[in-house]
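Report on the structure given below.
The values are calculated or read from the model by the stated rules, or taken from the named source; none is laboratory data. As the structure is a prediction and not an experimental result, all values here were calculated from the model. Every residue, glycine as well, gets a Cβ built from its backbone with ideal geometry; the counts of neighbours run over all protein chains shown. Surface accessibility is based on the protein's heavy atoms, side chains included, excluding ligands, DNA and RNA. Shrake-Rupley method; radii C 1.70, N 1.55, O 1.52, S 1.80 Å.
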Amino acid sequence: MGNNAKTYVYNKPFPLERGGELPSLTIAYHTYGTLNERRDNAIWVCHALTANSDVADWWPHTVEEGCFLDPSKWFVVCANIIGSCYGSTGPLSVNPETGTPYYDKFPGLTIGDLARAHSLLADHLKLDHIHALVGSSVGGFQAIEWVCREPHRFNRIALIATDAKASPWTIAIDETQRMAIKADATYGEPRPDAAMAGLAAARAIGLLTYRGGEGYNRTQQNRPDTPEGCHRACTYQQYQGEKLCRRFNAYSYVTILDTFDTHDVGRGRGGIATALGAIDIPAMVIGITTDMIFTPAEMRALASMLPQATYREIDSPFGHDGFLVEHDQLNSILNDFFNPRHI
């Protein structure tokens with residue numbers, strides 16, 4: 001497959017839109033496949049909340065031959081977002097002013113900051129013309145913001161289960177998770193494992209919105225051998241919370257939730273309709289039938305504001321997580337959309 005993990009260091013101050021700056025940036029990223037001589041076969045993937053830059057790890061059956069991120073055809077790039085904890089600058093990075101990690105003192109970010117970091121890496125890789133930009137969920141936030149900033153860098157864009165602005169509903173979901181984390185008395189302590197009980201609870205809350213009732217009722221019914229008084233749904237929630245705690249930290253989680261809530265591509269651009277109306281490139285907007293975070297109606301509304309958009313819908317009982325599960329449907333839609341013969 002040829003994927004590899006790399007690091008780019010930007011050794012200049014990086015000003016932040018909410019004030020202050022980071023003295024430098026470290027950006028972890030993965031690439032798959034080979035850039036052709038014309039340097040025009042790149043597909044850039046923007047990842048969601050707790051994912052990393054290794055797309056093949058978290059997006060099954062996409063970075064494979066015959067799939068929409070086929071590394072024999074495309075040069076696929078994904079960068080770990082700043083604020084995260086998979087190699088890019090974030091709350092566990094050392095603050096050079098103090099010599100200790102930032103923890104809860106890490107400065108506030110915006111989706112615009114994430115997009116500018118992606119742009120720095122794209123410049124470093126000399127990717128002036130990216131064939132396609134693709135993002136799901138929070139990754140879609142980044143993709144919409146980035147293409148608004150640099151419309152001429154991209155040939156086309158694919159937006160999956162996302163929106164042009166963080167809605168009150170999505171912000172409320174985020175706040176509920178922050179409340180769970182900060183209810184843990186260890187939140188704010190200067191150690192990487194602070195607020196782990198709170199983080200586990202936040203993850204369990206988030207999962208309810210990712211899967212929804214139909215998804216849970218299909219997969220978490222008690223089996224005949226389930227002990228009396230026990231529930232698969234309970235052990236599943238506990239397991240998923242513990243699983244995230246083994247690979248993430250509460251400070252990065254809160255940082256990304258806070259960043260999520262700043263999302264509004266219409267800010268400073270005359271409103272959402274004006275901002276999206278300027279994205280005059282082919283766009284594929286994909287909703288999921290049971291998504292309760294970004295509903296099909298919201299996805300259709302997003303598509304209606306993009307001048308060259310096509311709307312498609314994934315039929316899935318697994319809610320928002322359908323974009324991670326329904327790879328056959330995604331491959332069918334995006335293979336056709338990304339294929340050069342349609343340019």
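Being surrounded by fewer than 24 Cβ atoms within 10 Å (Cβ to Cβ), assigned to a loop (DSSP other than H, G, I, E, B) and either on the phi < 0 side of the Ramachandran plot or without any contact (Cβ under 8 Å) to a residue 24 or more places away in the chain (or both) is a property that does not hold for Asp57.
Selection of segment 234-287 for residues being hydroxyl-bearing (Ser, Thr, Tyr) and open to solvent by 10 Å² or more (accessible area, probe 1.4 Å) yields Thr235, Tyr236, Tyr239, Thr255, Thr262, Thr274.
Here segment 188-214 is the region considered, the condition is being basic (Lys, Arg) and modelled with pLDDT of 95 or more, and the residue that is least open to solvent (accessible area, probe 1.4 Å) is Arg203.
Scan segment 181-201 and tell me whether some residue there is basic (Lys, Arg) and either touching a Ser or Thr at 6+ places or on another chain (Cβ under 6 Å) or within 29 Å of Ala297 (Cβ to Cβ) (or both). The answer is no; no qualifying residue exists. Summed over segment 297-316, the residues that are open to solvent by less than 20 Å² (accessible area, probe 1.4 Å) and farther than 16 Å from Val134 by Cβ give a count of 1.
Please specify each residue of segment 21-42 satisfying the condition of being at pLDDT 95 or above, farther than 21 Å from Gly87 by Cα and open to solvent by less than 70 Å² (accessible area, probe 1.4 Å). Correct list: Gly33, Leu35, Asn36, Asn41, Ala42. Scanning segment 210-219 turns up at least one residue that is within 26 Å of Leu114 (Cα to Cα), in a helix (DSSP H, G or I) and within 21 Å of the chain's Cα centre (by Cα).
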